1. Could you calculate the contour length gain from Phe246 to Asp116, that is, 0.36 nm times the residue separation minus the distance between their Cα atoms, to one decimal place in nm?
2. When you count, for each residue, the other Cβ atoms within 10 Å and take the mean per peptide, how do 253-259, 92-98 rank with the highest first?
3. Quick check: pseudo-label points 7 Å beyond the Cα along Cα→Cβ at Asp86 and Ala267, how many nm apart are they?
4. About the Cα centre of the stretch 9-166, how large is the charge dipole given +1 on each Lys and Arg Cβ and -1 on each Asp and Glu Cβ? Please answer in debye to the nearest 20.
Amino acid sequence: DLVVAAGDTVATVQGDTSLVTTGDPVAIMCTGDWAAVDREQGYVRALLPRRTAFVRSTSSKRSEGQILAANVDHAVIAVPLTGELDLGRIERFLALAWESGATPLVVLTKADLVTDPAVLDHLVADTEGAAPGVLVLAVSAETGLGVDVLGAVLTGGTAVLLGQSGAGKSTLANALFGAAAQHVQTIRDRDGKGRHTTTTRNLLPLPHGGVLIDTPGLRGVGLWDAGNGVAQVFAEVEELAEECRFHDCGHVAEPGCAVLAAVDSGALPERRLASYR
């Protein structure tokens, strides 16, 4: 399906993509792509160059990438507060987002389940520690907490919702729209598990401008050619590494390692170094 705009009219049409289909799984047409469409013949004639591209490694043993979304301005990483925060998973999502060229933000969903404000502030602070320079919002679709702020951030651009199954992405999408744009299913609050609700990637126009791409839950966050993204997530580790005695320091047991010295002094959390490795 393709969304076609002509003046003030927007329509959804179907088009044959065989002319732009290649054997490259990263170059395949995906949600967020812009295309030149021959409506009379019903063909997609060309894909426009991408500004940004979300690519993760496939679950197969082959070394290849899988395109998730294209031309995205904001990557909304949804993390449910239904259990212990997996900061390592958040860091992998952030690396994926930074590598794509989009600007990430982390949304802690189902914040209404955390009844103690001090605990919620602590969870936000922990997440900010794993996401330096990234906006972190606590959001509840149930109470409306943070939804207006998130909507204002996303206005006017293209955003993609990323997260594991049960993160509340479709419920959050409905809160942003103020209507049931996406079907949702009940997830067990005790462990956050349930059946996948979103099984396809959907491009939905936001009421105040911009569009939102809702994606199926990702069980794994495999990084594919994401060296720059990892460096941006762990910028403080990279900066410390420049002060190491050896340029190829592995930050394990080498003498003169500035990274290990920072861990010993408490300036760098040991968890961050382990996640970086």
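Read-outs: derived from the displayed coordinates by stated rules, not from any lab. Being a predicted model, the structure only gives us computed values, none of them experimental. Quick reminder, even Gly has a Cβ in these numbers, built from the backbone with ideal geometry, and neighbours come from all protein chains shown.
1. Once the chain is fully extended between Phe246 and Asp116, it gains 42.1 nm.
2. Values: 253-259: 14.9, 92-98: 25.3.
Output ranking for 253-259, 92-98: 92-98, 253-259.
3. Result for the modelled spin labels: 3.3 nm.
4. 600 debye
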